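Throughout, read-outs are computed from the coordinates displayed, never taken from laboratory work. Keep in mind that what you see is a predicted model, and the values were worked out from it rather than measured. As a convention, Cβ positions derive from the backbone with ideal geometry for all residues, glycine included, and neighbour counts pool all protein chains shown.
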Amino acid sequence: MKTPASHGQLSRASASLALVVIALAGGSTAGCGVLYAAKANVAAGDLEQAKTLKADELAPYEYYSGKAYLEKAMEEAATAEYGDAVDFAGRAGDFADKAIELSRAAHEGSGR
């Protein structure tokens, strides 16, 4: 007849499982921080390009929306809310891309 596992064995197994879960959660948080940094860097570069194309004048809604989303992404990252930071940085990049597209179209339309 087998005896049930002792309380000590279950506690060690539970502790080991908890450590694995914590390690995985910490790893995914670090991964989100890296993903945030990459997305925010791309969005910032795109906003700089948009500014060079005078998007602040030619596509102000898209340009300033992109800037606002990037600022919000930075706020979220500062409090380690990396999931939200990634989302906001992605939106910033989307608005920056649209601002670039509209500014280029305006330049082409004006013969520049």
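Summing charges over neighbours of GLU76, with a neighbour being any other residue whose Cβ is under 9 Å away from its Cβ, gives -3 when K and R count +1 and D and E count -1. Listed by Cβ neighbour count within 10 Å, with the fewest neighbours leading, VAL86, VAL34, VAL42 appear as VAL34, VAL42, VAL86.
Ordering ASP46, ASP94 by the number of other Cβ atoms within 10 Å of each residue's own Cβ, fewest first, gives ASP94, ASP46.
Arranged from fewest to most other beta-carbon atoms within 10 Å of their beta carbon, LYS67, LYS54 become LYS54, LYS67. Using a Debye calculation, one point per C-alpha and no hydration shell, please list log10 I(q)/I(0) for segment 37-112 at q = 0.13, 0.15, 0.23, 0.26 Å⁻¹ in order. Debye intensities relative to I(0), on a log10 scale: -0.36, -0.45, -0.86, -1.01. Summing charges over all other residues whose Cβ lies under 13 Å from the Cβ of ALA50, with Lys and Arg as +1 and Asp and Glu as -1, gives -3.
With K and R counted +1 and D and E -1, the other residues having a Cβ less than 12 Å from that of LYS67 yield a net charge of -2.
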